Amino acid sequence: MTEIAKVNTLLDDMVQALQSELQTRKISDPLMIGIHSGGVWVARELHKKLGIRDDLGELNITFYRDDFTRIGMHPQVTPSNLPFAVDDRHIILVDDVLHTGRTIRAALNEIFDYGRPASVILAALVVRSGKELPICADIAGSLLDLKEGQHIKLNGPDPLSLELQEGK
């Protein structure tokens with residue numbers, strides 16, 4: 001297991017990129033939603049650093065996954081918590097690692113069950129090789145081209161660290 005770049009440096013880079021993106025799109029009051037669990041950890045930091053006014057939303061996309069019937073349900077599934085209306089709001093959706101795109105597809109499906117946002121900006125701490133769906137991050141802390149059998153894992157929530165794992 002190898003530690004990757006310092007998460008705090010990646011988060012600071014993401015904050016600058018998000019501020020620029022929000023300014024370019026003329027968005028002044030976005031909502032932020034983190035995907036359980038690593039995406040929520042990253043979103044908490046970004047939410048605080050960006051000074052977003054509304055509470056942080058949390059999605060648990062377990063029931064929205066397209067492989068739910070194959071992998072089964074984790075015995076302690078927590079419900080999603082969106083303490084705001086999403087209709088006509090600009091949303092920053094945050095995940096820890098964007099790999100195949102399937103988690104993001106499931107998250108978007110769940111968000112649209114709550115309403116129709118004006119826009120969604122996707123922010124991922126790490127974007128890694130192996131995309132299966134045409135989904136890409138608007139904001140990425142790091143881009144990694146991993147070899148077969150390598151995986152990236154976010155450890156946390158305090159402190160946050162990235163680990164490169166070999167095998168499986």
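Every number in this text was worked out from the coordinates using simple rules, so none of it is lab data. Here the structure is a predicted model, which means the values were calculated and not measured. Neighbour counts run over all protein chains shown; Cβ positions are idealised from the backbone, glycine included.
Extending 7 Å from the Cα toward the beta-carbon at both Glu148 and Val77 defines two label points whose distance is 3.3 nm. Between Gly39, Gly141, Gly130, the residue with the greatest mean-square fluctuation in the GNM of the chain (Cα pairs under 10 Å linked by springs) is Gly130. For the pair Asp66 and Glu163 in one chain, pulling the backbone fully straight at 0.36 nm per residue adds 32.3 nm over the alpha carbon distance. When +1 charges are put on Lys and Arg Cβ atoms and -1 charges on Asp and Glu Cβ atoms, the dipole computed for the chain relative to its Cα centre reaches about 120 debye. Dividing the summed -39500 (n - 2.57) terms of all DSSP H runs of n ≥ 4 by the residue count of the chain sets its mean residue ellipticity at 222 nm at -9000 deg cm²/dmol.
Within the chain, antiparallel bridges make up roughly 30 percent of the DSSP beta bridges whose residues both belong there.
Counting lysine pairs in the chain whose alpha carbons fall under 28 angstrom apart, excluding pairs fewer than 8 residues apart on the same chain, gives 15.
Remark on the chain: Rg and Dmax equal 15.4, 44 Å (Cα only).
Report, in debye and to the nearest 20, how large the dipole of segment 1-50 comes out about its Cα centre when Lys and Arg carry +1 and Asp and Glu carry -1 on their Cβ.
On the way: 6 positive and 6 negative charges, 29 e Å.
Here the size comes out at about 140 debye.
Taking a span of 24 Å or more along the helix axis (Cα atoms) and a mean Kyte-Doolittle hydropathy of at least -1.0 as the rule, the DSSP H helices of the chain that qualify are 7-24. Phi angles of segment 153-167 translate, via the Karplus equation with coefficients 6.51, -1.76, 1.60 and θ = phi - 60°, into HN-Hα couplings of 10, 8, 9, x, x, 9, x, 7, 8, 9, 10, 8, 10, 9, x Hz per residue; Gly and Pro are given as x.
So if we plug the beta-carbon distance of Asp87 and Ile135 into 1/(1 + (r/R0)^6) with R0 = 22 Å, what FRET efficiency do we get, rounded to 0.05? Please list the in-between numbers first.
Values: r = 23 Å, r/R0 = 1.03.
The pair Asp87/Ile135 has a calculated efficiency of 0.45.
Kindly put Glu166, Glu58, Glu21 in sequence by how many other C-beta atoms sit within 10 Å of each C-beta, fewest to most.
Going from least to most buried by this count: Glu166, Glu21, Glu58.
Near the amide H of Leu146, within less than 5 Å, lie the amide hydrogens of Ser129, all on another chain or at least 5 residues away, with H placed in the peptide plane.
Only Cα pairs under 8 Å and at least 6 apart count here; give the relative contact order of the chain as a rounded whole percent. Before the final figure, lay out the partial values.
Details: 316 pairs, mean separation 43.7, N = 168.
Over the chain, the number comes to 26 percent.
For the residues Lys147, Lys49, Lys131, a GNM of the chain with alpha-carbon springs under 10 Å puts the largest fluctuation on Lys147.
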